[in-house]
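Q: Starting off with a structure, shown below.
The values are calculated or read from the model by the stated rules, or taken from the named source; none is laboratory data. Please read these numbers as outputs of a predicted model, since none were measured by experiment. Glycine also receives a Cβ, built like all others from the backbone with ideal geometry; neighbour counts cover every protein chain displayed. Heavy atoms of the whole protein, side chains included, go into the accessibility calculation; ligands, DNA and RNA do not. Shrake-Rupley method; radii C 1.70, N 1.55, O 1.52, S 1.80 Å.
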Number of protein chains: 2
Amino acid sequence: MSQEKPQGVGRRRLLFGGAAAGLGAVAAAGAQWAGNSSSSEPDLVRTGLDEGGANGAQTVPFYGRHQAGIATEPQTHASFVALDLGTDVSRDRIRSWLRLLSDDAAALTQGQPALADTEAELAVRPARLSVTFGFGPGLVKAVAPHLAPPWLAPLPGFGIDALQERWNGGDLLLQICADDPLTVAHAQRMLLKDSRAFAAVRWIQSGFRRAYGSEQTGTTMRNLFGQVDGSANPVPGTAEFDRVVWGDAEIPAWLDGGTSMVIRRIAMNLDTWDELDRHGREESVGRTLANGAPLTGSAEHDAPDFEAVTALGFPVIPDYSHMRRARPDNPRQRILRRSYNYDDAPEPGGPVSNAGQVFVSFQADVSAQFLPIQERLDKLDLLNEWTTPIGSAVFAVPPGAREGGFVGEALFG
Amino acid sequence: MSQEKPQGVGRRRLLFGGAAAGLGAVAAAGAQWAGNSSSSEPDLVRTGLDEGGANGAQTVPFYGRHQAGIATEPQTHASFVALDLGTDVSRDRIRSWLRLLSDDAAALTQGQPALADTEAELAVRPARLSVTFGFGPGLVKAVAPHLAPPWLAPLPGFGIDALQERWNGGDLLLQICADDPLTVAHAQRMLLKDSRAFAAVRWIQSGFRRAYGSEQTGTTMRNLFGQVDGSANPVPGTAEFDRVVWGDAEIPAWLDGGTSMVIRRIAMNLDTWDELDRHGREESVGRTLANGAPLTGSAEHDAPDFEAVTALGFPVIPDYSHMRRARPDNPRQRILRRSYNYDDAPEPGGPVSNAGQVFVSFQADVSAQFLPIQERLDKLDLLNEWTTPIGSAVFAVPPGAREGGFVGEALFG
């Protein structure tokens with residue numbers, strides 16, 4: 001894999017200001033952010049609050065070596081849209097579709113209207129909008145079947161799965177993220193309009209995290225069980241992050257600078273979770289509820305001590321805890337989690353709670369990184385008591401597009 | 001109606017800072033806000049951004065003469081939860097339920113855990129959380145049938161309606177609003193847990209507006225048609241607002257300081273709307289898309305000139321436009337709109353788009369204020385071409401609770 005420095009959002013640079021031309025907002029500045037650090041926001045954010053641009057004017061670059069929406073500090077809202085190719089959509093028409101989507105995603109992420117934007121006024125608050133493309137097995141097969149990576153296939157079935165076909169698979173995945181829900185709705189609408197002649201919606205999943213500005217940048221999210229979730233993530237800007245996400249092994253050239261994405265819809269049973277006391281909850285995951293510290297530590301990012309035992313000789317971090325089961329001995333079995341909570345309206349006649357997590361992970365190689373972790377969790381993980389995977393999909397994530405190009409261009413040779 | 005000054009949130013005071021004890025955030029200060037004005041936020045908001053509390057620490061008072069969530073500057077997210085009383089739930093048990101809900105709403109809105117909060121860590125970012133209680137016909141009938149106001153009943157059917165029973169009615173309505181979606185999810189969960197022994201969920205509708213900080217405070221929302229929506233709202237702090245919302249006519253004493261709430265789920269057909277050009281869109285509502293100005297003016301809040309005609313002698317603001325039809329000659333026919341957009345996942349086998357508006361209006365008297373407007377719109381309103389009411393409910397909104405009391409206490413005599 002190339003050693004050149006990542007570009008665009010891969011540099012972890014955000015451009016602030018610079019909403020659509022004609023709106024009078026022209027200020028733009030670059031600012032570093034450092035993954036999990038708690039460094040304060042740059043001055044321009046607050047200037048924006050005073051001058052009407054507010055954080056709605058912040059943009060994330062679309063073009064670059066890597067796609068945005070992966071190393072990007074997670075936005076508040078996400079919509080995951082899975083599309084199925086229409087029958088008889090030729091390779092050339094798929095190319096046209098991807099170009100159309102890329103052009104519109106590039107414009108919308110910079111606060112500009114899509115090409116045929118009928119609600120242009122909804123485009124002016126990008127609010128860190130990113131659009132990330134994932135290619136399912138069907139799309140790669142239709143374009144260049146010999147270039148499919150070996151891991152691009154549905155995951156093997158797990159004992160804990162109760163998959164529903166309505167949440168599985170998809171030929172193209174659009175991950176649309178922004179800090180403003182109206183921005184996400186508008187971008188989704190525009191990209192679906194682009195897709196009408198080429199594909200049909202298979203499923204759409206929406207999710208959320210804490211609102212932008214509601215807590216410090218870089219705070220690890222909490223899920224609807226109240227747990228700090230994602231502490232062990234690699235930190236953007238480190239060699240480890242690059243290895244976990246972009247990889248260092250031989251891959252098809254069209255995926256150089258790309259990665260893979262696993263999306264699992266995981267229903268969480270809040271009612272049975274309620275029956276568990278605080279101690280039981282902390283043991284189930286191996287971390288404290290208060291700040292997510294390992295049960296052998298005091299701060300979230302303390303290294304867990306899996307050897308520590310209680311006065312009675314039991315492990316402090318139980319054998320069945322999620323953290324112990326998820327954490328590999330093999331340092332190559334790492335993934336980047338970028339999940340979102342969902343709390344949908346109950347379906348008519350169904351249970352009152354329809355909540356859970358849209359689990360999202362990025363890793364260079366599904367088979368070498370994701371699968372071993374999932375297999376361990378399938379065998380034993382106390383959290384399985386309260387969680388049920390009901391949807392599953394795997395996508396190849398191409399590198400970012402060069403300016404004037406489109407996402408996935410290299411797949412067309 | 002009493003002439004005393006409104007208290008609590010009725011004073012239009014927001015308390016900033018002051019998250020849960022033990023978090024180290026203790027700063028608190030009052031600040032005026034002025035409805036639709038564009039005055040900048042007080043300093044403490046930005047201090048919060050630096051010091052980790054961010055806007056997640058902002059609180060809206062729960063206790064006061066009026067309930068919060070009405071004159072409150074609309075938060076980004078809302079969940080509307082309609083509950084049906086269980087069979088054989090006695091008047092005394094309804095009282096217990098309302099006290100439990102009030103106590104927990106009071107705590108949660110101030111960033112403190114609910115009484116039996118099993119995810120206390122999710123309570124620490126109130127993000128302007130408000131919980132507003134509405135009593136449906138069934139609840140008032142169960143407690144004090146002789147005290148029901150005459151307008152507390154389902155709306156008459158309109159020609160444009162295509163109501164689905166799953167979105168209609170309800171005995172108790174909880175409007176849960178906050179700038180952070182995780183805060184809304186947690187508060188909803190806690191209040192539903194409080195309700196398990198008393199009632200069942202009838203429906204839940206979620207909605208959104210622009211994110212907090214995405215644009216200036218006081219900006220009128222845009223709906224998913226891209227239109228500025230709600231320009232004609234009365235402004236909190238004015239005599240007109242008080243008359244429209246809290247009323248000045250004879251009402252049952254238990255509603256003194258209260259109002260009424262109409263919730264209509266209005267599906268918006270984005271696909272057919274797409275076929276309309278910009279000119280047609282502006283004529284349908286009578287306002288420009290760019291800034292919501294009446295077609296006879298240049299700024300959003302310019303008074304429309306309904307007499308103005310084009311060179312050809314046609315009205316500049318067409319007879320069939322939404323604005324002309326909605327706006328009464330009778331100044332008493334006014335309402336406060338506080339609606340939210342929805343853009344839900346498509347239902348399996350249904351159309352791709354499942355979007356629209358959770359229309360919400362507050363008015364002292366449904367019959368005298370809301371109905372005449374709706375009747376005019378039902379007869380003629382070009383927007384009816386693209387919108388379909390699919391749900392409808394009416395609630396009596398009691399005044400705010402006094403500290404130590406509960407919402408609706410006066411209904412129990």
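Q: So if I check each of B:319, B:305, B:248, B:329, which one is in contact with a strand residue (DSSP E or B) (Cβ under 8 Å, 6 or more places away or on another chain), part of a loop (DSSP other than H, G, I, E, B) and among the acidic types (Asp, Glu)?
A: B:305
Q: State which residue pairs qualify: first residue in a loop (DSSP other than H, G, I, E, B) and inside region B:205-219, second residue basic (Lys, Arg) in any location, beta carbons under 9 Å apart, and separation of 6 or more residues or different chains.
A: So the pair list comes out as B:209/B:222; B:210/A:125; B:210/B:222; B:211/A:125; B:212/B:128; B:214/A:125; B:215/A:125; B:219/B:210.
Q: Which one of these does residue A:258 not meet: (1) open to solvent by 10 Å² or more (accessible area, probe 1.4 Å); (2) within 22 Å of the chain's Cα centre (by Cα)?
A: All conditions pass for residue A:258, except number (1).
Q: Which condition number in (1) over 22 Å from residue A:103 (Cα atoms); (2) within 14 Å of chain B (Cβ to nearest Cβ); (3) in a helix (DSSP H, G or I) is the one that residue A:141 fails?
A: Failing condition for residue A:141: (2).
Q: Say whether the condition of being over 20 Å from the mean Cα position of the chain (by Cα) and open to solvent by less than 50 Å² (accessible area, probe 1.4 Å) is met by at least one residue in region A:389-396.
A: No, because not a single residue in region A:389-396 is over 20 Å from the mean Cα position of the chain (by Cα) and open to solvent by less than 50 Å² (accessible area, probe 1.4 Å).
Q: Based on this model, can you work out whether residue A:403 counts as at pLDDT below 90 and either surrounded by fewer than 18 Cβ atoms within 10 Å (Cβ to Cβ) or out of contact with any helix residue (DSSP H, G or I) (no Cβ under 6 Å at 6 or more places or on another chain) (or both)? Full working, then the answer.
A: Working: at pLDDT below 90: no; either surrounded by fewer than 18 Cβ atoms within 10 Å (Cβ to Cβ) or out of contact with any helix residue (DSSP H, G or I) (no Cβ under 6 Å at 6 or more places or on another chain) (or both): yes.
Judged against the criteria, residue A:403 is not a match.
Q: Scanning region B:243-297 for residues that are away from chain A (no Cβ under 13 Å) and among the aromatic types (Phe, Trp, Tyr), which turns out nearest to residue B:223 (Cα to Cα)?
A: B:246
Q: When region B:334-393 is examined, which residues are found to be part of a strand (DSSP E or B), within 14 Å of chain A (Cβ to nearest Cβ) and of a type in the set (A, V, I, L, M)?
A: B:355, B:358, B:390
Q: Among the residues in region A:262-276, are any under 30 Å from residue A:64 (Cα atoms) and of a type outside the set (Lys, Arg)?
A: yes
Q: Name the residues in region B:86-138 that are in a loop (DSSP other than H, G, I, E, B) and of a type in the set (Ser, Thr, Tyr), would you?
A: Once the filter is applied, which keeps residues that are in a loop (DSSP other than H, G, I, E, B) and of a type in the set (Ser, Thr, Tyr), region B:86-138 yields B:87, B:90, B:118.
Q: So, in region B:172-198, exactly how many residues are outside any helix (DSSP H, G or I), under 20 Å from the mean Cα position of the chain (by Cα) and more than 11 Å from chain A (Cβ to nearest Cβ)?
A: Qualifying residue count, region B:172-198: 6.
Q: Say whether the condition of being away from every other protein chain (no Cβ under 14 Å), of a type in the set (Val, Ile, Thr) and assigned to a loop (DSSP other than H, G, I, E, B) is met by at least one residue in region B:155-162.
A: yes
Q: Now, a different point. How many residues, within region A:261-302, are modelled with pLDDT under 90, assigned to a loop (DSSP other than H, G, I, E, B) and over 20 Å from residue A:318 (Cα atoms)?
A: Looking only at that region, the number is 1.
Q: Report, ordered by the first and then the second residue, all pairs with beta carbons closer than 7 Å, sequence separation of six or more or different chains, a first member in region A:267-284 that is among the aliphatic types (A, V, I, L, M), and a second member that is at pLDDT below 90.
A: A:270/A:353
Q: Further question: Of everything in region A:226-245, what is in contact (Cβ under 8 Å) with a residue 60 or more places away in the chain, open to solvent by 10 Å² or more (accessible area, probe 1.4 Å) and assigned to a helix (DSSP H, G or I)? Give them in sequence order.
A: A:240, A:242, A:243
Q: Of a type in the set (D, E, K, R), surrounded by fewer than 20 Cβ atoms within 10 Å (Cβ to Cβ) and over 23 Å from residue A:369 (Cβ atoms) - does that describe any residue in region A:321-336?
A: Within region A:321-336, not a single residue is of a type in the set (D, E, K, R), surrounded by fewer than 20 Cβ atoms within 10 Å (Cβ to Cβ) and over 23 Å from residue A:369 (Cβ atoms).
Q: Could you list all residues from region B:214-223 that are open to solvent by 10 Å² or more (accessible area, probe 1.4 Å), modelled with pLDDT under 90 and within 7 Å of chain A (Cβ to nearest Cβ)?
A: Within region B:214-223, B:215, B:216 meet the criteria.
Q: Separate question: From A:364, A:368, grab the single residue that is within 21 Å of residue A:234 (Cα to Cα), open to solvent by 30 Å² or more (accessible area, probe 1.4 Å) and either touching a residue at least 12 places away in the same chain (Cβ under 8 Å) or acidic (Asp, Glu) (or both). Walk me through how you get there before you give the answer.
A: Values: A:364 fails: open to solvent by 30 Å² or more (accessible area, probe 1.4 Å).
One residue alone meets the criteria, A:368.
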